[in-house]
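Encoded as structure tokens, the structure appears first; notes follow it.
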Amino acid sequence: MRSFSNLASTLTTLAMTAALLGETTAHMSIWTRSMYGVSGTRTGMDWNYPVGGDPVVPIGPGLTSQSQWWFRGPMYNTLPPPAGEVTDLPAGGTIMLEIACHIAWTSYGWSTTVPGSALDACPGGTAGPFHSGDPNSEVIDDTQLAGCALAIADVDDITKVTMDNLVIFSVQPQCVKQKQTTFDIPAMMPKCTGSKCICGWFWLAQEGTANFYMTAFDCSVSNVNPAATAIAPPQDAVFCANGYNTGNCTSGAKRPLYAYNSPTNVVYPYPEADFNANRPGYHASWSFQPGAQNDIFLPAASVSSSAVASSSAASSSVRPSSSSVPVSSSAKASSSSSLPASTSSSTPTPSSSSTTSSATIAPASASAVAQVAAASRMAAISARKSSVAARLNALSSRKAAAKSKAQAAKTSTTPTDKAVRARRTIALTAPSHDDECHAAGVCADHDHSLHEPMDAAPGFDYSEFDDDEE
């Protein structure tokens, strides 16, 4: 009886594997037991995705609300990883994550491919699922790899992750190319202030349909240097190649590239015809260097209020891009900028200033930085309000003085005095510039943007994207 049971199980596995090979699966995801959105035991075939969909399915394009696409939507957060399943990030070391178009091909699945074999992340005969080169070729075009990245937020609740606390800390330019993918961890990575941190994997397809991926998983940092400081507030990465923003790439802590949905922080400075050759990706053309991002941390010394205010201004809430580029169906232009080669990022030895004992220099925590930044913003708002009040008081004084002069002029009976009174009466009844602008709420000295919600980004015409690789 047992032999028949084993045979039935084997036949079932073979049938499922054959079905997988027959599918046109053109998408990828990382796979780890600490990821969100999965139910079941997370072993063998017991990986289920009852909310938010399979993690290999692209997010969008064209979603118009952040709640729709942020970490695959709000329902995805209701399926956290099992207790104790947290991916360790050794500061100054590396981690290996598995990337594949189906759980079956990974070490967690039932048809594990041989690591390093051809197309081991998605065995199916062609390189289409990798979105790098000719989708009908059996070979991945390394020049078309867009790279992928890992980001971290120092919060232990996924609902508290925002665009202003999620920062890219590692970039792998040779992605997606193989199943087992290695990421370098910055040497000065700080310890999570809570029981864990929230991490995310990001990938943007270079060719074919505009695919965006954002996969969440729980993480924590080990091997922490005592001199490590908090991660700085992030800025938006910019395109800085081919004559655009030359020499002005974004440095320091950067947000992920939130492309193809709204709101977006991706600005396209080039013409529509150049889009396919310069799509957003995690490489030098979009301000990202390969390996560990060692420039994302606050200075070792305590941060002054003015310095924090300056950093906060740079990391204000993401405003939607005002430049969206629809892509024509004649896609597939080759990238005109060569991507950086994969290198092992050597970990720099901390300087004497960065290794100063925490007993003499107190590194600023992320919460302290946020509190000081918030206080600075409130002070700026208060100053603006005071300025507006002063202007209104001055206007009131001018009107009172004018009325007094008009009353005094009423005692005059000469024609000349009557004409003067008439002109003054007109002047008093006509609204001033300040009256009009305050009535309309558009006075230049009052920044209404501080109270307005984020606008939606202009529409992006995704209907003409090339779909050959879906």
Inset, instruction - Could you identify the single residue in N245, N223 that is at pLDDT 95 or above, over 14 Å from the mean Cα position of the chain (by Cα) and surrounded by fewer than 18 Cβ atoms within 10 Å (Cβ to Cβ)? - result: N223
Legend entry - Among the candidates C240, C175, residue that is open to solvent by 10 Å² or more (accessible area, probe 1.4 Å), part of a loop (DSSP other than H, G, I, E, B) and touching a residue at least 12 places away in the same chain (Cβ under 8 Å): C240
Legend entry - The listed residue being without any contact (Cβ under 8 Å) to a residue 12 or more places away in the chain, open to solvent by 20 Å² or more (accessible area, probe 1.4 Å) and of a type outside the set (D, E, K, R), out of T78, T41, T126: T41
Inset, instruction - List the number of the failed condition for A153; all other conditions in (1) of a type in the set (A, V, I, L, M); (2) modelled with pLDDT under 90; (3) open to solvent by less than 10 Å² (accessible area, probe 1.4 Å) hold. - result: (2)
Legend entry - Filter result for T143 (modelled with pLDDT under 95, under 30 Å from P123 (Cβ atoms) and surrounded by fewer than 22 Cβ atoms within 10 Å (Cβ to Cβ)): yes
Inset, instruction - Consider T159 carefully, then state whether it is in contact with a Ser or Thr (Cβ under 6 Å, 6 or more places away or on another chain), open to solvent by 20 Å² or more (accessible area, probe 1.4 Å), β-branched (V, I, T) and not in a loop (DSSP other than H, G, I, E, B). - result: no
Inset, instruction - Kindly establish whether V167 is out of contact with any Phe, Trp or Tyr (no Cβ under 9 Å at 6 or more places or on another chain) and surrounded by 22 or more Cβ atoms within 10 Å (Cβ to Cβ). - result: yes
Inset, instruction - Tally the residues that are among the aliphatic types (A, V, I, L, M) and modelled with pLDDT under 80, restricting the search to region 119-138. - result: 1
Inset, instruction - Scan region 152-189 for residues that are small (G, A, S) and out of contact with any Pro (no Cβ under 9 Å at 6 or more places or on another chain) and jot them down. - result: A153
Inset, instruction - Considering only region 98-123, state which residues are within 30 Å of the chain's Cα centre (by Cα) and either hydroxyl-bearing (S, T, Y) or assigned to a strand (DSSP E or B) (or both). - result: E98, I99, A100, T106, S107, Y108
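Here is a yes/no grid of residues against (1) under 18 Å from A149 (Cα atoms); (2) touching a strand residue (DSSP E or B) at 6+ places or on another chain (Cβ under 7 Å):
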site: Y213; (1), (2): yes, yes
site: Y258; (1), (2): yes, no
site: P280; (1), (2): yes, yes
site: F288; (1), (2): yes, yes
site: I296; (1), (2): yes, yes
site: A300; (1), (2): no, no
Inset, instruction - Could you please tell me which pairs satisfy a Cβ distance under 9 Å, a separation of 6+ or placement on different chains, a first residue in region 142-153 that is more than 16 Å from A284 (Cα to Cα), and a second residue that is basic (K, R)? - result: A151/R255; A153/K160
Legend entry - Filter result (outside any loop (DSSP other than H, G, I, E, B) and among the hydrophobic types (A, V, I, L, M, F, W, C)) within region 188-203: C197, I198, C199, W201, F202, W203
Inset, instruction - Check region 28-38 and report whether any residue there is of a type in the set (K, R), in a loop (DSSP other than H, G, I, E, B) and at pLDDT below 90. - result: no
Inset, instruction - Would you be able to say whether some residue in region 65-74 is of a type in the set (D, E, K, R) and surrounded by fewer than 20 Cβ atoms within 10 Å (Cβ to Cβ)? - result: no
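The values are calculated or read from the model by the stated rules, or taken from the named source; none is laboratory data. Note that this is a predicted model, so its numbers are computed, not measured. Heads up, the Cβs are rebuilt from the backbone with ideal geometry, glycines too, and the neighbour counts pull from every protein chain shown. Areas reflect the complete protein model, heavy atoms only, side chains present, ligands, DNA and RNA absent. Shrake-Rupley method; radii C 1.70, N 1.55, O 1.52, S 1.80 Å.
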